[in-house]
Structure formats: C-alpha cells, structure tokens
1. The chain: longest stretch without exposed GluC sites (Glu not before Pro) (DSSP loop, at most 16 other Cβ within 10 Å), sites themselves excluded?
2. With +1 on each Lys and Arg Cβ and -1 on each Asp and Glu Cβ, and nothing else charged, work out how big the dipole of the chain is about its Cα centre, in Debye to the nearest 20.
3. As a test of the formula, what do you get for the chain when each DSSP H run with n ≥ 4 contributes -39,500 (n - 2.57) and the sum is divided by the residue count, at 222 nm and rounded to the nearest 500 deg cm²/dmol?
4. Which of the chymotrypsin sites (Phe, Trp or Tyr not before Pro) found in the chain are loop residues per DSSP with 15 or fewer other Cβ atoms within 10 Å of their Cβ?
5. For the chain, list log₁₀ I(q)/I(0) at each q in 0.10, 0.11, 0.17 Å⁻¹, using the Debye formula over Cα point scatterers of equal strength and ignoring solvent, two decimals each.
6. DSSP loop trypsin sites (Lys or Arg not before Pro) in the chain with at most 13 other Cβ atoms within 10 Å of their Cβ, which ones?
7. Quick one: pull the percent of accessible area on the chain belonging to carbon and sulfur, 1.4 Å probe, ligands and nucleic acids left out.
8. How high is the relative contact order of the chain, given as a whole-number percent (alpha carbon pairs under 8 Å, six or more residues apart)?
Amino acid sequence: MDPLYDELKDYIYRYCERFMTADEVDAKRIALYHFPSMESEPVLKERIVKRLWEQHQHELPLNLCPVCNRIARTPKARQCQFCFYNWH
Ligand SMILES: [Zn+2]
C-alpha cells in the first residue's frame with residue numbers, strides 16, 4: 001500500500017518547502033500563481049512529494065495525530081481531521 005495518502009501529500013507539498021530544491025520551489029510557485037488550473041500541477045506535486053518522502057521521510061516535520069497517527073490539516077492544528085481527536 002502506498003504510505004502517501006492525499007492529505008499527507010497536500011501537507012508535504014504545502015508545508016515542507018525547506019526540503020525542496022530552489023528549482024522545485026520555483027516550479028511550484030510558477031504552477032500555483034500563474035497557472036492555477038494547469039494540468040501539469042498535480043504531476044509536479046506528485047514528483048516533488050515523492051522525492052521528499054523518499055529522501056527526507058524521517059526529517060519532515062509532520063504534525064501527526066497521537067491517536068491514529070495520520071496527518072493534521074496544518075502544522076498548528078490540534079485536532080485530527082480523520083478521527084477528530086483533540087490534543088489542545
Ligand atoms: Zn486521528
């Protein structure tokens with residue numbers, strides 16, 4: 001099973017930019033700001049997230065739920081989007 005589910009991919013793509021290369025960040029910015037509906041954007045996202053996961057899986061600052069161990073919506077979120085556990 002692919003350990004990367006959509007919410008985790010979104011989180012990595014959005015919040016783990018410091019693990020991306022300058023080229024990846026540039027490509028991401030261009031895709032997001034100039035071509036929000038561009039077809040290649042999901043491809044770009046998939047490629048960047050996959051590389052980060054392969055090379056930095058254990059360094060990525062993931063905000064995981066203490067109960068179900070799945071990803072929170074943002075780095076500061078204190079409630080799980082899956083099981084709704086609240087760790088405030
Ligand atoms: Zn949870």
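1. On the way: sites that count: GLU39, GLU59.
The longest uninterrupted stretch comes out as 1-38.
2. Working: 13 positive and 13 negative charges, 76 e Å.
About 360 debye.
3. Working: 3 runs with 39 residues, N = 88.
Taking each H run of at least 4 residues, the total per residue is -14000 deg cm²/dmol.
4. On the way: sites: TYR5, TYR11, TYR13, TYR15, PHE19, TYR33, TRP53, PHE82, PHE84, TYR85, TRP87; in loops: TYR5, PHE82, PHE84, TYR85, TRP87.
When the chymotrypsin sites (Phe, Trp or Tyr not before Pro) of the chain are filtered for loop state and at most 15 Cβ neighbours within 10 Å, TYR5, PHE82, PHE84, TYR85, TRP87 remain.
5. Summing over Cα pairs of the chain leads to -0.27, -0.33, -0.74.
6. Working: sites: LYS9, ARG14, ARG18, LYS28, ARG29, LYS45, ARG47, LYS50, ARG51, ARG70, ARG73, LYS76, ARG78; in loops: ARG70, ARG73, LYS76, ARG78.
For trypsin sites (Lys or Arg not before Pro) across the chain that sit outside H, G, I, E and B with at most 13 neighbouring Cβ atoms in 10 Å, the list reads LYS76, ARG78.
7. Numbers: 3210 of 6100 Å².
About 53 percent, which is the carbon plus sulfur part of the accessible surface.
8. Working: 71 pairs, mean separation 23.2, N = 88.
Contact order relative to length: 26 percent.
The values are calculated or read from the model by the stated rules, or taken from the named source; none is laboratory data. All values derive from a computational prediction rather than experimental measurement. So basically every Cβ, Gly included, is an ideal-geometry build from the backbone, and we count neighbours across all protein chains shown. When the accessible area is computed, the model is the full protein with side chains, heavy atoms only, and any ligands, DNA or RNA have been set aside. Shrake-Rupley method; radii C 1.70, N 1.55, O 1.52, S 1.80 Å.
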